[in-house]
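Colleague: A single structure is presented below for examination.
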């Protein structure tokens, strides 16, 4: 599987995860989002950017409970629930938002 971004071919795993995390860009995120049937809005970008910031600070992806706490602190209780995340990303934080954010695929995640 692959996407084309600004004339460059980027390889994805069979499940749509970036093979080379250094190839992530906002344009790549939009292309991956299309594969996930997600149209990026400012709210989507808030989730993606928060997930990326956490990863770069801690070296791992945030577990959903921790991520919810961070979202609550930054954006308020109405934007921190799992329902809110699933409304934006149909496959949730781990399988969809983190994929679009160009983060590593967790073990056991398809």
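Colleague: Would you mind stating whether residue 48 is surrounded by 13 or more Cβ atoms within 10 Å (Cβ to Cβ), in contact with a helix residue (DSSP H, G or I) (Cβ under 9 Å, 6 or more places away or on another chain) and over 18 Å from residue 105 (Cα atoms)?
Modeller: In short, no.
Colleague: Specify the residue that is surrounded by the fewest Cβ atoms within 10 Å (Cβ to Cβ); the eligible residues are those in the range 27-39 that are closer than 24 Å to residue 72 by Cα and within 11 Å of the chain's Cα centre (by Cα).
Modeller: Among residues in the range 27-39 that are closer than 24 Å to residue 72 by Cα and within 11 Å of the chain's Cα centre (by Cα), the one surrounded by the fewest Cβ atoms within 10 Å (Cβ to Cβ) is 33.
Colleague: I would also like to ask the following. Please note which helices (runs of 4 or more DSSP H) are completely contained in the range 1-105 and include at least 1 residues that are at pLDDT 95 or above and touching a strand residue (DSSP E or B) at 6+ places or on another chain (Cβ under 9 Å).
Modeller: 26-35
The values are calculated or read from the model by the stated rules, or taken from the named source; none is laboratory data. Note that the coordinates shown come from a computational prediction; the quantities given were computed from them, not determined experimentally. Here Cβ is always computed from backbone atoms with ideal geometry, including for glycine, and neighbour counts include all displayed protein chains.
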